[in-house]
Structure formats: structure tokens, C-alpha cells
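Trainee: Just dropping this structure here.
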Amino acid sequence: MSEPKEQKIDESSKDRDLEQFRQDTGEYMTTNHGVGVNNTNDSLKVGERGPTLIEDFHLQEKLSHFDRERIPERVVHARGSGAHGYFQVYESLAKYTKANFLQDPSVKTPVFARFSTVAGFRGSADTVRDARGFSVKFYTEEGNYDLVGNNIPVFFIQDGIKFPDIVHALKPEPHNEMPQAAAAHDNFWDFISLVPESMHMIMWILSDRALPRSYRMMQGFGVHTFRFVNEQLKSRFVKFHWKPLLGVHSLVWDEAQKLAGKDPDFHRRDLWKAIEMGDYPEYELGVQIIEEEDEFKYGIDILDATKLIPEEIVPVTPIGKMVLNRNPDNFFAETEQVAFNPARVVSGIDFSNDPLLQGRLFSYHDTQLHRLGSANFPELPINRPVCPVHNNQRDAVMQMKVPQGKTNYFPNSIGGGCPMMSPENMGAFVHYKDKVEGEKVRVRSETFSDHFSQATLFWNSLSSPEKEHLIQATHFELGKVDNPEVKGRLVDLFNHVDHELAKLVSLGIGVPAPSKAVTSNHGNLSPALSIENNSPKETIKTRQVAILAAQGFDFAQLTTIQKALKKAGALGEIVSQFKGTIESLDGKKVEVDKTFLTSASVMFDAVYIPGGQQSVKSLKAQTEVIDFINEAFKHCKSIAATGEGVDLVLKSQIQGLLLNKPSSPEELIIEKGVIISQDPAQTERVALEFIKAISAHRHWTREVKQFLTQ
Ligand code: HDE
């Protein structure tokens with residue numbers, strides 16, 4: 001036997017640090033273990049037509065990973081869309097809170113926001129009638145702070161223990177899993193009819209607030225009362241409000257229903273597209289601050305989540321702005337795996353004893369352990385704080401960190417005592433010393449017993465179009481309820497809100513009207529509750545306008561309007577029969593953005609039809625075009641036409657509106673959001689008037705009042 005030879009390392013060779021491979025370029029396909037894959041189209045077989053071999057580890061890995069791709073969806077708020085951005089405080093809030101991210105106006109705190117519907121499953125439509133979630137994770141230097149709110153300032157129930165009941169009642173019925181993403185069914189309304197505390201939120205749900213035009217155009221509310229605590233450990237109560245800089249705008253019900261079919265991703269697409277185009281959604285954060293000694297001053301229990309504090313009583317002070325400026329790189333890794341939790345507060349922000357909030361403080365972490373499958377979900381990139389994390393929690397499924405050192409307990413001396421307790425002046429969270437005493441009881445506070453006065457306040461505060469819409473919503477929602485007793489009980493509840501309202505509700509749902517009022521309407525209102533008073537009229541930024549054109553259109557008219565829209569921050573998209581290009585009268589080509597097949601009137605905020613005899617003739621021949629215009633008209637949107645484009649408008653239902661309308665000396669007609677001129681020389685004026693009309697958002701005066709006399 002020969003002696004084994006000593007293996008020698010060639011000293012002259014250079015070290016190759018294999019760690020560098022971890023910063024890979026993503027160019028070549030490998031297995032999850034890093035082995036190169038040269039064919040992912042054919043499994044490994046014995047011969048071309050033979051059986052597949054168990055040794056095909058690539059096939060096995062690919063299929064078994066796929067088999068596990070789905071995780072449990074959120075039990076509520078399953079359908080959502082998220083975006084990255086930042087938050088900046090306007091000026092130091094040191095007087096009110098020691099929260100580090102609310103001190104320095106020069107600091108941009110990264111955020112991730114997620115907007116959601118509540119009832120629908122992950123694949124449901126965006127535009128259903130529902131509350132919307134409005135959650136923001138602030139990645140602060142002193143840990144993550146989650147503000148997990150809704151676009152409605154109050155909630156259905158007063159105590160967290162009722163949450164499974166209301167969610168069961170709301171979700172599809174258990175025997176046949178119907179209806180999807182909708183509250184319009186017996187079980188939901190049965191529950192509501194037995195839980196009068198829900199009536200205030202019900203009024204919001206039946207209002208246009210539950211049909212936002214866009215996630216970029218809805219308010220957000222923290223709902224509960226929280227606390228701000230400053231360096232001197234003085235606590236004040238605080239309620240949080242998000243206000244979109246684009247104002248609050250809604251869809252109409254017919255539009256929302258059609259959109260659910262035409263584009264179930266309407267809100268998701270809108271958010272994504274706006275960010276891609278650099279139209280970053282912006283929201284101001286505002287606070288209502290209530291001194292501790294004023295807790296009982298307003299006759300409203302601030303621990304009752306079915307109540308709000310009217311802004312006219314305690315004004316909302318803007319404290320900073322959130323800008324959403326980056327779409328997620330990967331929906332699953334970020335929007336799906338993000339874990340919000342109202343229990344995640346930072347030093348300077350604390351809880352109140354609202355029993356609904358208290359229930360939430362348990363539920364979110366619990367559900368996330370189930371949904372994300374491991375106690376290590378805070379280590380996922382989207383959930384990881386930006387500040388260092390040190391503690392002695394170890395191991396568990398999918399540990400992604402490699403903790404260093406010998407000790408994993410406290411106190412220790414071997415590990416130098418680390419990690420030590422964080423000092424208070426470095427952001428350690430110290431719970432506010434709220435003095436509590438009492439007997440252990442399962443009761444509801446007497447101060448929670450007024451279930452109707454704020455429902456009435458909301459009703460009184462709506463504009464008349466908003467009221468009309470609300471009544472119609474009751475007819476739809478309760479019209480889908482079969483059980484007459486449930487409907488009877490609901491009319492009785494509406495009668496506690498407002499007698500006239502109850503009579504109008506009963507009219508549409510086939511139950512007798514209540515004979516007399518239970519209480520008289522207090523007559524108070526809060527202007528801030530009406531959408532009307534939350535929608536600035538001076539901007540058309542990011543509005544989408546359909547420009548209907550075909551071969552032979554008038555180039556000058558089309559481009560004049562398109563440029564004017566662009567200058568005002570809106571987007572004019574050309575809609576035609578086919579994709580590709582269309583040629584103008586004078587031989588100029590423009591790109592078609594959408595077709596009548598791939599788009600619909602409900603996807604736009606306004607419509608414009610330029611002249612050009614041939615173009616208009618060809619549009620007239622397509623029935624979809626007249627439907628397009630009629631639908632925009634029905635949904636009270638702004639409509640403009642120039643030159644021969646006016647002929648098309650006159651073929652639609654708009655004709656009825658314009659009959660006998662005298663035109664101005666310059667041949668310009670402006671009537672309820674319809675602006676037309678047959679004189680091409682008027683195109684610039686039409687543009688100006690059109691922009692003004694779009695900034696009014698909708699022209700409700702076109703709607704025929706069905707129920708209200710004023
Ligand atoms: Fe939630 N809620 N909730 N909720 N909620 C969840 O947590 C729960 C409540 C809200 O974009 C779940 O991680 C209970 C009020 C939003 O990921 C769950 C109670 C408000 C989101 C849960 C409430 C909300 C959730 C489902 C009564 C408005 C989506 C998945 C005590 C202030 C967050 C998850 C996101 C999500 C429980 C009441 C808003 C099951 C028990 C009030 C925006 O834990």
C-alpha cells in the first residue's frame with residue numbers, strides 16, 4: 001500500500017470569499033438550495049415517454065413549494081392594497097407627546113400603509129359597500145408604531161367581545177356561503193336589528209362614505225381614544241384623523257356595482273397607477289386633543305367607540321403629512337405579510353380603556369401568529385423595525401436571525417448583562433400610570449347607552465344628495481332581507497334616528513311605516529361629517545377623463561383639451577374602437593389608450609368628445625359610445641364636446657337637458673356640468689369651463705329627487 005499523499009494548498013492562490021455570492025444578480029435559475037437549474041420545462045423521465053423519477057429534486061421542490069403557497073387570509077380586511085412612503089411632522093409636538101417621530105420636522109419617518117375592505121375575501125371586488133381599513137405602520141427610531149384605523153370614525157360595537165358575532169353575521173351565511181363581500185343579507189341585518197349600538201356606524205355604512213372614489217380620496221380615523229404622554233408624564237386624550245389632500249370623494253352605487261364587474265381592482269389599480277405616475281397620495285394627520293380634566297365635559301363618553309367628538313366642539317389640529325411614494329416590490333412579501341396591530345405603540349402614545357380597543361390589543365397578535373405561522377413574523381422585512389432589536393426571545397419556526405453569544409436569559413453576568421434594560425430617556429416604553437379601581441364585572445357602562453343621538457347628528461349633517469343616496473342604500477340593503485320581522489325591527493331603529501327617515505326606509509322595503517316618532521329629532525348637525533364639506537372644489541388633480549375619438553377626429557380640438565387637462569393635473573385618455581393609432585383630419589396620428597371593450601364610462605371622472613365629422617360619424621354607429629355618454633350623464637359626471645362632437649351629445653340623453661337652452665352669444669352652452677360648443681374657436685373656453693365642472697366632482701342637480709322635497 002502506498003502512503004497517502006499530503007494535500008497541499010497552493011499558497012499563491014487568491015482567497016475567494018464565497019459570501020459575495022449572496023449579493024446575487026438574480027440572473028440564473030437555481031433550486032432553493034442554490035443548485036443551478038438548466039431545464040424547468042420537462043420533468044426527469046425514464047426515456048422520452050417513460051415514468052417520472054423520484055430523484056427529480058427540482059420537480060419535487062417546485063411542486064411542494066407551490067402546494068404551500070397560500071397562507072390563511074386575514075379573517076377580516078382580507079382584500080387590501082399597500083404602499084410605502086414617509087411621514088413628517090409639521091412642528092414638534094413635545095408639549096403633548098414624547099413620541100420621538102413627532103418631534104423633529106426635518107425627520108422623514110418611513111411608513112407602510114394598507115387600505116382594505118372588511119367583509120370580502122382576498123379576491124373580492126374593491127368597490128363594494130363597506131368600511132375601508134386605513135392602517136399605517138410608522139418605522140420610528142424608537143420602534144414600530146401602528147395606527148390601525150378605518151375610513152369611518154366610529155364602530156358597530158362597543159365591546160371587543162362582540163366582534164366575532166358581528167363578523168360572523170356580516171360574512172357570507174354559513175350554510176351556502178352567500179353573499180360574497182356584501183352586507184345585504186338576513187344574518188347581518190338580523191344582528192343589527194338586535195344591537196342598537198350599531199346604528200351610528202350603520203348610518204355611515206349606508207352613506208356614500210362606504211363607496212370611496214379612491215383610497216387617495218378618503219379620510220382615515222383612529223376611531224378609539226388614545227393617549228398622548230409627554231416628557232413630564234402628563235397625559236391627554238387624543239383622537240387621530242387622516243385627511244386626504246385631494247379631498248373626500250365617492251362613487252355612486254350604480255357605478256360601484258358596475259365597477260365590481262368591469263374592474264374589480266379599481267381601487268388597487270388607482271393607487272398603484274397614481275404612485276407610478278408620480279401623483280403621490282398625500283394625507284394630513286390631525287389630532288383632537290382632550291385634556292384629562294375635560295373627559296366628561298362634552299356629554300359623550302370618550303371610551304365609547306360608537307361615538308365621535310364633533311370637530312366643531314374639539315377642532316382637528318393638523319400635525320403632519322404622510323406621502324405614499326413607492327409601490328411594493330412584491331405584493332405577498334409586503335402587502336400580504338404586513339402585520340398591523342393597535343397594540344404596537346411607542347413611548348409617548350398609550351391606550352385608553354375603551355373596551356373595544358382593549359379587545360383589539362389581544363386579537364391582532366393572536367391572529368398573526370396563526371396567519372403568518374410563526375412567532376418570528378416580526379422579522380419579516382416588511383414588519384422589521386428600522387431600529388435594532390435585542391432580547392432573549394429565541395428559536396421558533398423560521399428563525400431568520402442568527403443570534404450571537406452564549407447567554408439568552410436575564411439577568412446574566414456571563415453575557416455582560418446584555419441586553420440591558422432600555423433607559424426611559426432612550427425611548428423605553430413605560431405604561432402610563434392610569435389609576436384604576438373597581439369590582440370585576442361583566443357590564444356595560446351606563447354612559448354607553450345613548451345609541452341614537454349621533455346617528456341623528458350624522459343624518460342631519462348630510463347634504464340632500466347624500467341623504468337621497470342613503471335612503472336608496474337602505475332600500476337596496478334591506479330590500480335583500482327576506483325576514484319581515486327583521487325589517488320591522490330595523491324600521492323601528494331608524495325611527496329612533498329620525499321619523500321621516502324611518503318612513504322613507506319603510507316605503508322601499510315593504511313594511512308598514514311607523515305611525516309616530518319615538519323622539520323628536522334634536523336638530524343638531526356637524527358640518528364636518530358631510531362629504532360635501534370635505535371636498536375641495538378647486539382641483540382636478542389626478543382625475544381621469546375619457547376622450548372619445550375615432551379616425552378623422554379634429555386634432556386641434558382634441559389636443560387643446562388634452563393639454564389643458566394635463567396642465568391642470570388631470571389625465572385625458574383616448575378611448576376608441578381599437579387599440580393602435582387613429583389619424584386626424586389633417587393626417588396627424590395619436591395613440592389610443594383604451595378601447596370601448598377594455599374600458600367603460602364608470603372608470604372615468606369625465607368625458608370629452610372632440611369634433612371631426614368622420615370621427616363622430618363612426619362613433620355614432622357604435623352603440624357602446626352612446627351608452628358611455630349616457631352612463632357618465634347618469635352618474636352626474638362632467639361632459640364636454642366641441643365641433644361635431646356636439647352631435648353625439650345631442651344623440652344621448654343629454655338632449656333632454658339641453659332642450660330650449662339658449663346658448664351664449666359665443667355659442668357655448670354650460671348646463672349642469674355639460675359644456676358644449678359647436679364652434680371650434682370656443683375650444684379653449686370649453687376647456688376652462690370643463691375643468692371648472694370637473695372640479696365640482698359631480699353635478700347632483702341632475703339627479704331627480706325621489707324622496708326628499710328639499
Ligand atoms: Fe380589526 N382586525 N378588529 N378593527 N382591523 C383585523 O387583524 C379585531 C377594529 C382593522 O391592513 C385582524 O391582522 C377585533 C376596529 C383594520 O392588515 C383581526 C376587533 C377597527 C384591519 C382584527 C376589531 C379595526 C383589521 C384581521 C374588536 C378600526 C386590517 C387580520 C375588538 C379602528 C389591518 C389582522 C391590515 C384587522 C380584529 C375592531 C380596523 C382579526 C377583535 C374598531 C384596518 O385581528
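Trainee: If you filter segment 75-160 for trypsin sites (Lys or Arg not before Pro), then keep DSSP loop positions with at most 16 other Cβ within 10 Å, what is left?
Mentor: Taking segment 75-160 and a limit of 16 other Cβ atoms within 10 Å, the loop trypsin sites (Lys or Arg not before Pro) found are Lys95, Lys108, Arg122.
Trainee: Give me the three principal axis extents of segment 587-657 from the C-alpha atoms, as integers in angstrom, largest value leading.
Mentor: Extents along the principal axes: 35, 24, 19 Å.
Trainee: Taking H as built 1.01 Å from N, whose amide H comes closer than 5 Å to the amide H of Gly149, not counting residues under 5 places away?
Mentor: Phe134, Ser135, Val136
Trainee: Based on Cβ point charges of +1 for Lys and Arg and -1 for Asp and Glu, what charge dipole magnitude is obtained for segment 261-344 about its Cα centre, in debye rounded to the nearest 20?
Mentor: In total the dipole reaches around 460 debye.
Trainee: Over the chain, what is the mean sequence separation of C-alpha contacts under 8 Å (at least six apart), divided by residue count, expressed as relative contact order in percent?
Mentor: Rounded, it is 11 percent for the chain.
Trainee: Here's something else I'd like to know. Only loop residues by DSSP count here, and only those with at most 11 other Cβ atoms within 10 Å; note down the chymotrypsin sites (Phe, Trp or Tyr not before Pro) in segment 252-345 that meet that.
Mentor: Within segment 252-345, the qualifying chymotrypsin sites (Phe, Trp or Tyr not before Pro) (loop, at most 11 other Cβ atoms within 10 Å) are Phe296.
Trainee: Using the Cα centre as the reference, give the magnitude of the dipole from point charges on the C-beta atoms of segment 544-702 (Lys, Arg: +1; Asp, Glu: -1; all else neutral), rounded to the nearest 20 debye.
Mentor: That gives a dipole near 380 debye.
Trainee: If you place +1 on the Cβ of every Lys and Arg, -1 on the Cβ of every Asp and Glu, and leave all else neutral, what size is the dipole of the chain about its Cα centre, to the nearest 20 Debye?
Mentor: 600 debye
Trainee: I would also like to ask the following. Using all alpha carbons of the chain, what is the percent of pairwise distances in each 10 Å bin, ordered from the shortest bin to the longest?
Mentor: The calculated distribution, bin by bin, is 3, 12, 20, 22, 18, 13, 7, 3, 1, 1, 0, 0.
Trainee: Pop out the ³J(HN,Hα) list for segment 226-238 in order, Karplus 6.51 cos²θ - 1.76 cosθ + 1.60 with θ = phi - 60°, rounded to Hz; leave Gly and Pro as x.
Mentor: 10, 10, 9, 10, 9, 4, 7, 6, 7, 10, 10, 7, 9
None of the figures in this text is laboratory data; all of them are computed from the coordinates on show. Note that the coordinates shown come from a computational prediction; the quantities given were computed from them, not determined experimentally. No Cβ is skipped: glycine too gets one built from the backbone with ideal geometry, and neighbour counts run over all protein chains shown.
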